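These notes concern the structure reproduced below.
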Amino acid sequence: PALTRADRSPPTAPIRMVVVDNHYLRHGLFTDVRLAAWSVLAQSLLWCSNGPFSTVLFSLSVVILAVGLIVGLLFVRFVQRHVFNRELSPSARARAYTYCQLLLISHPLEIVWRFMTAWARCAPDLYIVGETRCGTTSLSSMLADHMDVRGPFTPYVHPVLAGKESFYLVGHYWGFVHPYFYRMCFPTLLEKWLYERVHGRRMIVYDGCAQYLNSAWCAGLIRRVAPSKQVVIVACVREPLGQNVSWWEFEQNAIKWGDSLGMPKSSPSFRIKYPPRDLAEAIRLSESKEVKDLFKRSEALTGPLLPSWAIPTPNGQLSGLTHMTSYATNISRYLSLFGPESVVVSSLSGFSANPKGILTRVKKALMRPHYHHGRNENANRSLNDDKPRVEKTGKGSGKRRHSKDEKGVTAKRLNSGGGSKVKASILASLSPKFKLEVNKIHEKQNTELLGLLKLHGIQQ
């Protein structure tokens with residue numbers, strides 16, 4: 001995607017402890033493979049101009065570039081088939097163009113480095129598991145404004161999702177979902193220790209991947225990441241038809257993006273009747289026996305490798321609309337593994353009306369006795385502080401700048417859809433008879449969710 005003027009402006013935040021996590025790399029101006037290529041080019045120019053030249057350094061740079069290109073090509077090839085749901089182009093030229101465009105927004109060298117150093121990294125404390133289009137991005141932003149949270153590594157350059165979603169447990173890394181290597185997405189133990197030592201605040205590590213709620217195998221894998229660790233699960237919900245319409249609109253934009261990258265229209269052979277032509281067809285596909293069987297089979301998946309049909313969700317992102325809104329079924333998996341005291345449910349309407357209430361409940365869940373056992377009293381200071389983070393301004397070290405939310409916690413609308421007119425046009429395409437059928441499905445799902453929350457005494 002084209003970078004906006006704001007994306008091209010110099011960073012105002014301090015340089016972070018890890019170089020690969022700074023402003024420029026996160027915005028794709030210098031992805032790791034391009035840095036390696038520039039290094040090789042610069043050294044080649046020095047050699048041609050009889051400047052200072054090291055054969056060892058040049059050889060090392062060439063090897064790093066070669067590794068980045070090989071891993072990057074394997075990665076984007078996998079992403080095209082399993083994430084974009086597009087078959088490979090028969091034309092070598094078209095395939096090369098698509099691979100090049102995807103490579104420019106990927107971080108293959110950092111993927112390699114993080115897998116190599118997974119043993120030295122920490123596991124998350126907080127999981128925002130979804131559902132998609134239910135306010136997970138806005139909730140993540142609010143937590144970043146009012147708590148010391150650190151998000152995951154994202155393998156793609158994206159203006160909103162980078163630093164929020166890892167996509168690990170839904171198989172974006174070649175279908176590999178081993179719980180131990182999930183740590184590759186998060187800060188090192190040394191970085192976490194230094195942060196808490198210097199700032200006197202606890203660093204809360206989180207993953208906000210919104211597809212973890214609907215993907216049946218994710219709850220079990222999260223439990224296996226750190227079996228003895230107590231974590232907090234946040235599940236976001238909204239009115240089912242609104243979720244379906246918003247997700248359909250979001251995926252249509254993703255399909256257009258794939259078209260702009262030169263990808264062929266055809267889907268891989270492991271997809272069934274994909275992609276659906278309209279929302280009604282997508283809902284019917286979700287309710288078909290073939291797709292229901294795939295979702296049933298997905299409950300038995302445990303890794304470390306996912307089958308192609310399950311990545312990132314059984315039969316592709318537009319095949320599970322009614323399964324996404326089966327909130328009671330999806331949340332119950334986390335309740336059975338983590339207990340009701342570890343699960344926070346946030347409705348989109350409730351979050352919009354009272355964001356501070358959701359923030360308070362998340363903090364309360366994180367402040368259970370298990371978390372501060374053996375820590376000094378400053379370790380959880382960020383959880384007791386309702387004020388947003390304060391930064392120094394560029395002029396005058398004594399002056400401080402506060403965010404606009406300091407007088408009260410507010411919910412930002414991030415990654416929202418195209419607006420009410422777009423949604424109205426999508427709903428208008430549904431026949432009255434079909435709307436009645438869908439309403440029956442959604443009414444049953446709403447009743448099940450309310451019953452589940454009441455049973456476990458969970459506030460919505």
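The residues of the stretch 91-125 that are touching a residue at least 60 places away in the same chain (Cβ under 8 Å) and outside any helix (DSSP H, G or I), listed by number, are Leu104, Ile105, Ser106, His107, Thr117, Arg121, Cys122, Ala123, Pro124, Asp125.
Asn253 falls short on exactly one of the conditions (1) open to solvent by 30 Å² or more (accessible area, probe 1.4 Å); (2) at pLDDT 90 or above; (3) over 24 Å from Val157 (Cβ atoms); (4) out of contact with any Pro (no Cβ under 7 Å at 6 or more places or on another chain), and that condition is (3). For the stretch 287-342, the set of residues classified as within 30 Å of Phe75 (Cα to Cα) and among the charged types (D, E, K, R) consists of Glu290, Lys292, Asp293, Lys296, Arg297, Glu299, listed by residue number.
All of (1) of a type in the set (A, V, I, L, M); (2) assigned to a strand (DSSP E or B); (3) within 30 Å of Pro432 (Cα to Cα) hold for Ile233 with one exception: (3).
Of the residues making up the stretch 212-247, just one is in contact with a Cys (Cβ under 8 Å, 6 or more places away or on another chain) and open to solvent by 10 Å² or more (accessible area, probe 1.4 Å), namely Arg238. When residues of the stretch 42-90 are filtered for being farther than 24 Å from Tyr156 by Cβ and either under 26 Å from the mean Cα position of the chain (by Cα) or in a helix (DSSP H, G or I) (or both), how many remain? Looking only at that region, the number is 16. Does Arg183 count as in contact with a strand residue (DSSP E or B) (Cβ under 7 Å, 6 or more places away or on another chain), of a type in the set (D, E, K, R) and either assigned to a helix (DSSP H, G or I) or closer than 11 Å to Tyr127 by Cβ (or both)? The answer is yes for Arg183. A single member of Ser336, Ser332, Ser349 is closer than 22 Å to Ser228 by Cβ, open to solvent by 10 Å² or more (accessible area, probe 1.4 Å) and over 21 Å from the mean Cα position of the chain (by Cα), and it is Ser336.
Among the residues of the stretch 172-180, are any closer than 27 Å to Lys363 by Cα and either part of a loop (DSSP other than H, G, I, E, B) or of a type outside the set (D, E, K, R) (or both)?
Start the filter on the stretch 172-180 by keeping residues that are closer than 27 Å to Lys363 by Cα, which leaves 179-180.
Going one step further and asking which of them are either part of a loop (DSSP other than H, G, I, E, B) or of a type outside the set (D, E, K, R) (or both), we end up with 179-180.
Yes, the stretch 172-180 has at least one match.
Annotation: of all residues in the stretch 219-236 being of a type in the set (Gly, Ala, Ser) and touching a strand residue (DSSP E or B) at 6+ places or on another chain (Cβ under 9 Å), the one that is farthest from Tyr206 (Cα to Cα) is Ala219. Screening His82 with (1) farther than 26 Å from Asp32 by Cβ; (2) of a type outside the set (A, V, I, L, M); (3) buried (at least 23 other Cβ atoms within 10 Å of the Cβ) gives one miss only, at (1). Evaluate the following for Arg202: is it touching a residue at least 24 places away in the same chain (Cβ under 8 Å) and either open to solvent by 10 Å² or more (accessible area, probe 1.4 Å) or of a type in the set (A, V, I, L, M) (or both)? In short, no.
The values are calculated or read from the model by the stated rules, or taken from the named source; none is laboratory data. Only a predicted model underlies this, so the values are computations on that prediction, with no experimental measurement involved. Cβ coordinates were reconstructed from backbone atoms using ideal geometry, including for glycine residues, and neighbour counts include every protein chain displayed. The accessibility values were calculated without ligands, DNA or RNA, using every heavy atom of the protein model including side chains. Shrake-Rupley method; radii C 1.70, N 1.55, O 1.52, S 1.80 Å.
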